[in-house]
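Novice: Structure incoming, see below.
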């Protein structure tokens, strides 16, 4: 009884105390501590979020294609102009993720900025594509649209193909995908310059 009393005073079971292996009071006596299952749930939620965003983007592109000949959405009118302006601003705001990742400061977490980076990286190009009426247009507008699509392609590679290439173990495939991933930032710089030139030319002529 003395052993049991002493064991109960330090919060361990009599069997564990007698064996010389006291169990910490924080561990429940009914069994091992439960392991949180948030990982698979988070991955599942992330996949649903991806599909939801892609479905909304496809719906917006379908609407844009159906109204591409509507004079109310002419790129030189206010609705079309605001689409182009909003899309350009969205693509500029994606820099927030790079700033947050490198500075280490800010209220939002890196993960939250990454999600915003992806969301803005979808909204911006969709708005720009509708603004352009799915056409190349002049040389400067066509160049800006091409740069936009290349940035989107490199972002999709980084989002989906890069993890697969790293897990596959194939060095050649991984090197190619890694190289394409590192083109994301230079292509984005080209896009910013192309958009600025396009905006200037649209207002100057």
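Throughout, read-outs are computed from the coordinates displayed, never taken from laboratory work. Here the structure is a predicted model, which is why all the values come from computation and not from measurement. Counting neighbours? That spans all protein chains shown, and the Cβs are built from the backbone with ideal geometry, glycine included.
Novice: With a point put 7 Å past each Cα toward its Cβ, work out how far residue 203 is from residue 63 in nm, to one decimal.
Specialist: My value for the distance between the label points is 2.8 nm.
Novice: Follow-up. Calculated FRET efficiency, residue 138 and residue 184, Cβ-Cβ r, R0 25 Å, to nearest 0.05?
Specialist: 0.45
Novice: Classify region 55-204 as rounded, prolate or oblate from the Cα gyration tensor: take a ≥ b ≥ c as the square roots of its eigenvalues, call it rounded if a/c is under 1.5, otherwise prolate when a/b beats b/c and oblate if not.
Specialist: Prolate shape, in that a/c is at least 1.5 and a/b is the bigger ratio.
Novice: Between residue 193 and residue 167, what is the spin-label point distance in nm, taking each point 7 Å from the Cα along the Cα→C-beta axis?
Specialist: 3.8
Novice: Based on the mean of other beta carbon atoms within 10 Å per residue, what is the order of 94-102, 122-130, most packed first?
Specialist: For the peptides 94-102, 122-130, the packing ranking is 122-130, 94-102.
Novice: Rounded if a/c is under 1.5, else prolate if a/b is larger than b/c, else oblate: which is region 102-191, with a ≥ b ≥ c the root eigenvalues of its Cα gyration tensor?
Specialist: In terms of gyration-tensor shape, oblate.
Novice: Roughly speaking, what is the stretch gain from residue 110 to residue 153, that is 0.36 nm per residue apart minus the C-alpha to C-alpha distance, in nm to one decimal?
Specialist: So the chain would gain 13.3 nm between residue 110 and residue 153.
Novice: Please work out the C-alpha center-to-center distance from region 169-205 to region 81-151 and express it in whole Å.
Specialist: That distance is 11 Å.
Novice: State, as an integer percentage, the relative contact order of region 55-204 based on alpha-carbon contacts under 8 Å between residues 6 or more apart.
Specialist: Relative contact order of region 55-204: 23 percent.
Novice: To continue, here is another question. How far apart, in nm, are two points set 7 Å out from the Cα along the Cα-to-Cβ line at residue 98 and at residue 74?
Specialist: For the pair residue 98/residue 74, the computed spacing is 3.7 nm.
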